[in-house]
Amino acid sequence: MQIVDQNYFQLFNLPESYNLDSRKLVAEYHKLQLEFHPDKYSNSSEIEKMSALSSASYINDAYETLKSPLERAGYVLILRGKDIASVGQEDLSMELLMEQMQLRESLDDLPKDDSALPKLEALKDSVQGKISEKQSNFHEEVVKDDLSSAKRTFHELQFLSKLLNEIEESEETRLGY
């Protein structure tokens, strides 16, 4: 019952690739959840119960990582030996930093009431478009084994994802959620 020695892609019988078949991921996840659900081992020994609990936790972590495009990108880089926690100047271009400042200023300059909703929606669409473009770039860079560029793109995706979350939170605040 030892599954924790498999990487997340192996666990779900998926190729180690940034692009993945999300339907297969979900199907494999449900199959593994049924197989390793702790309730299934309620009459087993304590060791088997703990192993099932550990396996279920690992399955959940793996699923959450692979279903998130940003977390999956980081995981792909880690599997290829890249340290994604350290960010150096080579990982962030001045162009990216300037763009981020401008986008954040655009967000901060919007009125704080619901009159800003159309502009927030346009800003959100723009950022989502940038994220889609960066995701395509990331996939291509990994396929070409250009891991330095892929790491840079990963950090760009982090910035854009954070900005997208801020835009969505700003929308929710204006809508009273």
Next on the checklist: Could you check the stretch 28-53 and list, in sequence order, the residues that are small (Gly, Ala, Ser) and open to solvent by 60 Å² or more (accessible area, probe 1.4 Å)?
Outcome noted: Ser42
Next on the checklist: I'd like the full set of residues that are among the hydrophobic types (A, V, I, L, M, F, W, C), open to solvent by less than 40 Å² (accessible area, probe 1.4 Å) and touching an Asp or Glu at 6+ places or on another chain (Cβ under 9 Å), limited to the stretch 60-83.
Outcome noted: Val76, Leu77
Checklist entry - From the residues in the stretch 118-139 that are under 18 Å from Ser68 (Cα atoms) and charged (D, E, K, R), which one is surrounded by the most Cβ atoms within 10 Å (Cβ to Cβ)? => result Lys134
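Residue-wise test of (1) at pLDDT below 95; (2) touching a helix residue (DSSP H, G or I) at 6+ places or on another chain (Cβ under 8 Å); (3) within 25 Å of Glu90 (Cα to Cα).
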position: Phe138; (1), (2), (3): no, yes, yes
position: Asp145; (1), (2), (3): no, no, yes
position: Ala150; (1), (2), (3): no, yes, yes
position: His155; (1), (2), (3): yes, yes, yes
position: Glu171; (1), (2), (3): yes, yes, no
position: Arg174; (1), (2), (3): yes, yes, no
Next on the checklist: Residues that are of a type in the set (S, T, N, Q) and free of Cβ contacts under 8 Å to residues at least 40 places away in the same chain, at least 1 per element: which helices (runs of 4 or more DSSP H) completely within the stretch 67-172 meet that?
Outcome noted: 94-108, 117-143
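For every residue, the table says whether it meets (1) out of contact with any helix residue (DSSP H, G or I) (no Cβ under 9 Å at 6 or more places or on another chain); (2) modelled with pLDDT of 95 or more.
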position: Leu34; (1), (2): no, no
position: Glu46; (1), (2): yes, no
position: Glu64; (1), (2): no, yes
position: Leu70; (1), (2): no, yes
position: Ala73; (1), (2): no, yes
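The values are calculated or read from the model by the stated rules, or taken from the named source; none is laboratory data. Predicted model, so just to flag it, every value in this text is computed and none were measured. Ideal geometry is used to build each Cβ from the backbone, glycine not excepted, and the neighbour counts take in all protein chains shown. Quick note on the areas: whole protein, heavy atoms, side chains included, nothing else; ligands and nucleic acids left out. Shrake-Rupley method; radii C 1.70, N 1.55, O 1.52, S 1.80 Å.
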